[in-house]
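Only one structure is covered here, and it is reproduced in the block below.
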Amino acid sequence: MVASVALVIGDASLETVPKQLVRHMAVIRHAKRLGKQPTEILLDRSYHHSAMVAGRLGSMWKRGRPDIVHFALQEALSTPLYLENKLSVYVYTINNKVILIGSNLRMPKSYFRFEGLMMKLFKDKIIKSQQDNRTLLELLDDVEFEHLIKNMARCSKCIGLSSGGLASTAQEVVSKYINGTARCQCTIVIGGFPKGHFSDYISNYLDNLYSIGKTKLEAHVVIARVLYECEKKMSMA
């Protein structure tokens, strides 16, 4: 079944430790505790802040927060929209990698299990079900955002939700772009980073940008609100 809505967690703060930081002692100590090589672990500001500062990491304010992606995926993959195969979900990382989310994936509730799953994905590029060999997660390198929205999501419109967008509500946005047919009508892009706005690279491909809150809302809250409105519009709630 073709999904009616596509969700992209864009500029996602999810990556392994960049090469220029792997020799920093904060990274080495953390990798040792995890029993991994420094190049295999996720960049995490909670442990690697000093390394990020010392290495003058570019766009540092948007990086090192894999927990944001964890919360966002937990929210999206728990919705009736996803469980009924009417929602396709993609993670587009800050380094132009795409994570494809398979159907009926149960995202670990524990962050530490999520962390282990992502480290395995970045290393092996694909994770399959042990029961039926289905692809649950797949990591693609160097994917243009345009290719993602036009050739993978294949929706007619692409909109972003951000505090810097035009003031609106989740209901108004969904009513404008979703009509409940089987064909994918809209790709919804939500930021997967702690602060700031979408990169110009992503913004250039958005047909419109909206803000659905009077105050800044965390990614998983925005996802919950907009997907609930999609469910109501498609008579699923």
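The values are calculated or read from the model by the stated rules, or taken from the named source; none is laboratory data. Model, not experiment: these values are computed from the prediction. Cβ sites come from the backbone with ideal geometry, for glycine too, and all protein chains shown count toward neighbours.
I'd like to know if region 17-31 contains one or more residues that are touching a strand residue (DSSP E or B) at 6+ places or on another chain (Cβ under 8 Å) and under 19 Å from I127 (Cα atoms).
No.
Restricting attention to region 9-64, and to residues there that are at positive phi and not acidic (D, E), which single residue is modelled with the lowest pLDDT?
This residue is S59.
For region 155-230, please list each of the strands (runs of 3 or more DSSP E) lying entirely inside it that holds at least 1 residues being within 19 Å of T79 (Cα to Cα) and touching a residue at least 60 places away in the same chain (Cβ under 8 Å).
Details: elements: 157-167, 186-191, 208-211.
Strands (runs of 3 or more DSSP E) meeting the threshold: 157-167, 186-191.
Among the residues of region 130-140, write down those that are of a type in the set (S, T, N, Q) and touching a Gly at 6+ places or on another chain (Cβ under 8 Å). Step through it out loud before you land on a result.
Taking region 130-140 as the starting set, the residues that turn out to be of a type in the set (S, T, N, Q) are 130-131, 133, 135.
Answer for region 130-140, where residues must be of a type in the set (S, T, N, Q) and touching a Gly at 6+ places or on another chain (Cβ under 8 Å): just T135.
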